[in-house]
Amino acid sequence: MNMAKTLAIVAVVGFMAGPTWAGNVDEDLRQAAQLHRNGETARAMTIWRNWADRGDVDAAYNLAIVHHNGDGVVRNTAEALKWYRVAADRGDRPSQYQLGLMYLTGDGVPANAEEAHRWFVTDRQHHMHHVNSPQMQEWRRQAAALIWQQEMRESLAKSRDNGADVVAELQRRAATVAVATAERPKVAASALQAQ
């Protein structure tokens, strides 16, 4: 066999045997989930680890869940804690909650109510500083002004429609009153003559 054919076969076999990353996190995570469902957890974990190392919180969370539940691997709460923390530190709320539960119940870590509370409220505390920021206050002011303008436009349109209805009703009543008034003197005059 010549050298070119040998290299081509080695490249194809190596490509088929090794992990394949499409370069698209969503496609790769779908592939990893399918591999995991098919019992190929080791291959799925390779994909998840690759993306978790690149900063993807979903991949880190998947690694944590697999280790935490012993789903396709030996249950390892230390690894679960590690991957939950990676995702939680990147703002993943489910991972923050899972860390809180682990600390609350002492699952793989010493029970620690303060640490549990910290993880349960991390997301809320992280975003609380936005409430009073000058930018947030300006956005709220702008939103209130836009809402007020929209409400005024709607109110004006409604009042025009209502105004036309009111004028029509007044004209109808005025016509009714005019007819009644025109007939009343005749009735009053005939009543006087009858006396």
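Each reported figure results from applying straightforward, stated rules to the coordinates on display, with no laboratory input. Note that the structure is a prediction, hence the values are computed from the model and not measured. Cβ sites come from the backbone with ideal geometry, for glycine too, and all protein chains shown count toward neighbours.
Once both labels are modelled 7 Å past Cα along the beta-carbon direction, what's the R75-D89 spacing in nm?
Spacing of the two 7 Å Cα→Cβ label points: 2.6 nm.
Between N24 and D53, what is the FRET efficiency for a Förster distance of 22 Å, r being their Cβ-Cβ separation, to the nearest 0.05? All intermediate terms of the calculation are to be shown ahead of the outcome.
On the way: r = 16 Å, r/R0 = 0.74.
Once rounded, the FRET efficiency stands at 0.85.
Any idea how far apart K82 and R160 come out in nm if each label point goes 7 Å out from Cα toward Cβ?
If labels sit at K82 and R160, their model points lie 6.9 nm apart.
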